[in-house]
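Accompanying notes for the structure given below.
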Amino acid sequence: MTRQVWFALLALAAGAPLDAQSLMYRPPDLSGTWVSDGGVVQFNFVHRFHVFPGPTNTVINYPTFTLAAGIGHNIDFGLRFGTRSNIPSSGGSSNESEFFARWRVLGGPDGKEGFAVAVTPAYNKLAKSADGEVGIDWTRGPFTLSGAARGMSKPLGASRAKASLGGGVVARVTPYVALSADVGSFVGPTTLAVWGVALNVVIPGSPHTFAFEAGTASLNSIQGNSLGSNDVRYGFEFTIPLHLKRFAPWFHGSPKPVALGTAGGAAVVADVDMAALKYGRDTVTISAAQAVRWTNRDPVEHTVTFDGAEPGSPVIPAHGSYVHRFDRPGTYTYHCTPHPFMKGVVIVK
Ligand SMILES: [Cu+2]
């Protein structure tokens, strides 16, 4: 990959607003104050595991899925689902489902400086418990401090306490890397506390964040974040925002073709399709003062970017086309910026 492409990727990643739920602003066992934007479904996947010692080295997995749909006005609705809950259950199931609504009453979006407050009423189906959480974040420069106060009508830990507290910190070492830690506990003497640490990273050029985690939280529900286990669990979390409008072509057909560039009165004497991540013709030969048209047949964006000084195309969307007139004889090699392995040549005689 050329240096220019790397710079372009970095500029994109640094300049793009992080319009997604991000692990750069949240320790591993706190919900923080994030709310999915309107029209965005947030999918977070936590996968932690414990390797038991001894001859078997049995690996036990503790996944938690979070799915939350934003409806705007700083409100979202979601579901958390985890298996192998620490919550002792009477019926034999250890699958924990938590239905929640969240309203960020103050601050935001995620990562904005200052205070943010969110309230999360929830229902834990396994515990048959009405739960709730008030989360507070304070962000300044590279630091975010987080706190949570939680209540449950039927906590199914070993405790009779009906409230828990949690607190944590995130330190962003670079725009792409952060360290975070948290602790949490029921307000009561008979349960194990939760602790967690994480190394969080932004995946450049994408809306995703990733965390390597270790800790003792049961699952990432309101109750699970309050109840520690004896085992230290290791794993990761991956955050995936799904912007529903990106799926519009599924329902509304293809977008209207966009015609970019101009022939400047010259005849278009050659057509090049961009399909299957290739230029359909490697080499096109034309005369001076003639034009070439590129048409994007792929569902992804391409460009026609000349390796020399010749100005190239903007981003060509799916079904879009781009016309370029060549006035001076020469050999014009070009490539696609998002896919530098796509290469072609125009020879002008
Ligand atoms: Cu391309």
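Listing for the model above:
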| quantity | calculated |
| --- | --- |
| Residues within the range 216-240 that are under 22 Å from the mean Cα position of the chain (by Cα), buried (at least 20 other Cβ atoms within 10 Å of the Cβ) and farther than 20 Å from residue 110 by Cβ, tallied | 3 |
| Residue count for the range 252-269, restricted to those that are more than 20 Å from residue 314 (Cβ to Cβ) and surrounded by 13 or more Cβ atoms within 10 Å (Cβ to Cβ) | 1 |
| Among (1) at pLDDT 95 or above; (2) within 20 Å of residue 79 (Cβ to Cβ) - the single one residue 136 does not satisfy | (2) |
| Considering residues of the range 46-86 that are closer than 23 Å to residue 213 by Cα and outside any strand (DSSP E or B) only, the residue modelled with the lowest pLDDT | 86 |
| Pick from the range 151-186, criterion outside any strand (DSSP E or B) and under 25 Å from the mean Cα position of the chain (by Cα), ranking: surrounded by the most Cβ atoms within 10 Å (Cβ to Cβ) | 176 |
| Scope the range 184-201; condition of a type in the set (Val, Ile, Thr) and modelled with pLDDT of 90 or more; matching residues | 194, 197, 201 |
| Only one of 43, 100, 115 that is of a type in the set (Phe, Trp, Tyr), in the same structural domain as residue 222 (by TED's automatic domain parsing), within 17 Å of residue 218 (Cβ to Cβ) and modelled with pLDDT of 90 or more | 100 |
| Long-range neighbours under 6 Å by Cβ, at least six apart or interchain, first residue of a type in the set (Gly, Ala, Ser) within the range 37-50, second assigned to a strand (DSSP E or B) | 38/70 |
| Residue 212, sole failed condition from (1) farther than 30 Å from residue 196 by Cα; (2) at pLDDT 90 or above | (1) |
| Lone qualifier among 126, 67 - being surrounded by 15 or more Cβ atoms within 10 Å (Cβ to Cβ), more than 22 Å from residue 244 (Cβ to Cβ) and either without any contact (Cβ under 8 Å) to a residue 12 or more places away in the chain or assigned by TED's automatic domain parsing to the domain that holds residue 44 (or both) | 126 |
| Residue 331, sole failed condition from (1) within 16 Å of the ligand (Cβ to nearest atom); (2) assigned to a strand (DSSP E or B); (3) of a type in the set (Ser, Thr, Tyr); (4) without any contact (Cβ under 8 Å) to a residue 60 or more places away in the chain | (1) |
| Residue list for the range 334-349, restricted to those being in a loop (DSSP other than H, G, I, E, B) and either more than 28 Å from the chain's Cα centre (by Cα) or away from the ligand (no atom under 11 Å from the Cβ) (or both) | 349 |
| Count of the range 1-23 residues which are crowded, with 22+ Cβ neighbours inside 10 Å and either modelled with pLDDT of 90 or more or aliphatic (A, V, I, L, M) (or both) | 2 |
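The values are calculated or read from the model by the stated rules, or taken from the named source; none is laboratory data. Remember, it's a predicted structure, so these values are computed and weren't measured experimentally. Glycine gets a Cβ as well: all are built from the backbone with ideal geometry, and neighbour counts include every protein chain shown.
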